[in-house]
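In what follows, a structure is listed as structure tokens, so that the remarks can point back to it.
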Amino acid sequence: MTHQTDKSIKAIILSAGQGRRLLPLTENTPKCLLPVADKPVLVWQIDALLAVGVTNITVITGFQVGLIEDLLRQRYAQYPGIKILFNPFYEVADNLASCWIARGEMDSDFLILNGDTVIESALLHKVLNSHAAPITLSVDFKDSYDADDMKVQLDAEGWVQQVSKIVPPHEVNAESIGLIYFRDGGVQTFRQAVEEALRHPAELKSWYLSIIDRLAKQHLVNSCSVKGYRWCEIDFIEDLSRAGIIFSQ
């Protein structure tokens with residue numbers, strides 16, 4: 001199932017962090033290389049992207065970059081479009097800095113994928129074929145949301161009103177899975193917002209979703225439901241076993 005498109009779409013995978021909440025598993029291994037059903041998280045992501053025709057993939061790395069370079073050499077040597085950008089600030093900054101490192105790639109339609117979200121290619125296909133919008137946030141739904149979920153409020157038409165971990169419970173009606181699609185005007189808008197934000201030292205500790213939250217207030221962020229598709233965010237050790245069950249089916 002390959003996504004046919006006139007424009008080549010890029011993907012940026014944010015994999016700079018160590019994943020300290022997964023210690024001791026991540027003592028010497030970055031979170032993106034932990035195995036899920038016998039395949040590293042990063043391999044699940046790259047294979048899903050390749051399956052829908054996305055071959056221009058930039059992996060933002062930090063912790064144990066050499067191990068990630070080894071993996072890409074071993075598995076993807078025949079794909080020259082798969083490359084690494086190193087984020088030297090990974091110890092002191094959050095993922096907004098990784099977006100800043102990748103801003104040079106933000107010159108055509110692109111996807112951002114969190115380095116800890118395992119996805120299947122059918123989910124990507126759904127997102128790539130979603131209704132056109134400057135920015136499209138992939139969301140899922142459940143009965144209740146916990147403190148760690150990236151919570152989302154949608155309006156009746158599915159446009160994002162706010163996205164953060166601290167959306168008041170009575171306003172939450174979805175969660176972000178860590179996959180965003182930028183198209184047309186949304187590409188430049190996001191890139192400029194990233195560049196502007198990091199002029200302020202305090203923003204080093206920000207998530208890039210704080211920018212998405214701001215742009216949502218300007219009616220620029222639509223949602224795409226991925227309900228029923230396979231995905232799993234790896235934050236804690238129990239998430240690894242849950243992902244193993246989901247992705248060994």
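The values are calculated or read from the model by the stated rules, or taken from the named source; none is laboratory data. Because the structure is predicted, anything quoted here is derived from the model rather than measured. Cβ atoms come from the backbone with ideal geometry, glycine included; neighbour counts cover every protein chain shown.
Scanning the range 117-136 for residues that are within 17 Å of the chain's Cα centre (by Cα) and crowded, with 22+ Cβ neighbours inside 10 Å turns up 117, 118, 119, 123, 124, 127, 135, 136. Any residue in the range 190-207 that is at pLDDT below 95, within 15 Å of residue 114 (Cα to Cα) and aliphatic (A, V, I, L, M)? Checked the range 190-207: no residue is at pLDDT below 95, within 15 Å of residue 114 (Cα to Cα) and aliphatic (A, V, I, L, M).
Restricting attention to the range 236-245, the residues that are in contact (Cβ under 8 Å) with a residue 60 or more places away in the chain, under 19 Å from the mean Cα position of the chain (by Cα) and surrounded by 15 or more Cβ atoms within 10 Å (Cβ to Cβ) add up to 2.
Looking across the range 205-239, the residues that are in a strand (DSSP E or B) and hydroxyl-bearing (Ser, Thr, Tyr) come down to 223, 225.
Scan the range 15-30 for residues that are more than 14 Å from the chain's Cα centre (by Cα) and either surrounded by 24 or more Cβ atoms within 10 Å (Cβ to Cβ) or of a type in the set (A, V, I, L, M) (or both) and jot them down.
Across the range 15-30, the qualifying residues are 22, 23, 25, 30.
Among residues of the range 200-227 that are on the phi > 0 side of the Ramachandran plot and touching a residue at least 60 places away in the same chain (Cβ under 8 Å), none has a Cβ under 6 angstrom from a residue that is surrounded by fewer than 14 Cβ atoms within 10 Å (Cβ to Cβ) and part of a helix (DSSP H, G or I) at a sequence gap of 6+ or on a separate chain. Sub-6 Å Cβ pairs linking a first residue in the range 19-41 that is over 14 Å from residue 68 (Cα atoms) to a second residue that is polar (S, T, N, Q), at least 6 apart or interchain, are 19/26; 37/248, ordered by first then second residue. Close Cβ contacts (under 7 Å, 6 or more residues apart or on different chains) running from residues in the range 80-105 that are hydroxyl-bearing (Ser, Thr, Tyr) to residues that are not in a strand (DSSP E or B) comprise 90/16; 90/17; 90/63; 98/16; 98/87. Going by what's in this entry, would residue 57 be described as in contact with a strand residue (DSSP E or B) (Cβ under 6 Å, 6 or more places away or on another chain), in contact (Cβ under 8 Å) with a residue 24 or more places away in the chain and closer than 24 Å to residue 96 by Cβ? The answer is yes for residue 57. Note on the range 176-204: residues that are outside any helix (DSSP H, G or I) and touching a strand residue (DSSP E or B) at 6+ places or on another chain (Cβ under 6 Å) amount to 7.
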